[in-house]
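Note sheet for the following structure.
The values are calculated or read from the model by the stated rules, or taken from the named source; none is laboratory data. Computed from a predicted structure; not experimentally measured. Cβ placement follows ideal geometry from the backbone for every residue including glycine, while neighbour counts extend to all protein chains displayed. Surface areas here come from the heavy atoms of the whole protein model, side chains and all, with no ligands, DNA or RNA. Shrake-Rupley method; radii C 1.70, N 1.55, O 1.52, S 1.80 Å.
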Amino acid sequence: MNTTILRKSVLGIAGLAFAGGLAAGPLHHTTTDTGTGTGDARPVAAAQADTTADAGKLIPHGVQGAQSRIDLDAEQTANAKAIIAATKKTGLDERAAVISIGTALQESKLQNLGHLGDRNDHDSLGLFQQRPSSGWGSPEQITDPQYATTAFLKGLRQVDGWQDMPLTDAAQTVQVSAYPDAYAQWEQQAADLVTQHWNNS
């Protein structure tokens with residue numbers, strides 16, 4: 001499908017005003033430090049989730065490929081909790097939270113990023129690197145974790161069969177990244193965060 005048509009259909013269905021190309025591609029495309037203070041993402045073996053987690057529900061297809069993991073500070077952890085809270089508020093389940101957190105780990109390393117000057121991807125902002133010029137909302141809105149998550153989930157809900165898709169496919173359909181497979185590396189850490197915080201967010 002033509003990328004422009006896909007962008008317009010995803011944003012149009014999601015009820016977002018389309019005002020240009022989405023191009024909300026990942027800010028960080030590699031697992032090396034880019035100087036934004038996010039630290040290195042280390043490939044790690046897939047960790048076993050807490051025994052109270054339903055792995056079949058959180059990661060229905062198992063993880064795909066080598067997994068990366070970063071140490072989170074208090075702000076990043078708070079952002080993960082905010083994504084979980086917004087997911088619960090929309091009435092979606094733990095799988096939606098895993099997809100959302102995995103997407104935000106790739107896009108911003110769970111940092112609510114403002115404009116990064118020369119290092120910025122167009123006008124991408126916030127946890128999901130959404131673009132005001134593409135109709136995701138105002139800069140103030142898309143740097144609000146609850147708003148940004150809700151906007152992402154509106155797009156996700158319009159993806160037929162998202163519940164049964166690998167994380168990277170679901171995320172890519174909403175985000176239209178230039179690096180469509182990059183989301184897969186964060187699925188285990190995203191599932192671990194949901195397991196840890198779902199009941200207290």
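Data overview
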{"quantity": "Search result, residues across the range 155-179 that are surrounded by fewer than 24 Cβ atoms within 10 Å (Cβ to Cβ), assigned to a helix (DSSP H, G or I) and among the hydroxyl-bearing types (Ser, Thr, Tyr)", "calculated": "Thr173"}
{"quantity": "Subset tally (residues that are out of contact with any Leu (no Cβ under 7 Å at 6 or more places or on another chain), surrounded by 15 or more Cβ atoms within 10 Å (Cβ to Cβ), assigned to a loop (DSSP other than H, G, I, E, B) and not β-branched (Val, Ile, Thr)) for the range 63-90", "calculated": "1"}
{"quantity": "Close pairs (6 angstrom Cβ cut-off, 6 or more residues apart or separate chains): on the phi < 0 side of the Ramachandran plot in the range 51-62, modelled with pLDDT under 65 and surrounded by 14 or more Cβ atoms within 10 Å (Cβ to Cβ) anywhere", "calculated": "Ala55/Ala49"}
{"quantity": "Residue list for the range 142-154, restricted to those being at pLDDT below 95 and open to solvent by less than 10 Å² (accessible area, probe 1.4 Å)", "calculated": "Ile142"}
{"quantity": "Odd one out for Ala55 among (1) over 13 Å from Ala190 (Cβ atoms); (2) at pLDDT below 95; (3) open to solvent by 20 Å² or more (accessible area, probe 1.4 Å)", "calculated": "(1)"}
{"quantity": "Residue list for the range 138-154, restricted to those being of a type in the set (Asp, Glu) and either under 18 Å from Asp93 (Cβ atoms) or assigned to a helix (DSSP H, G or I) (or both)", "calculated": "Glu140"}
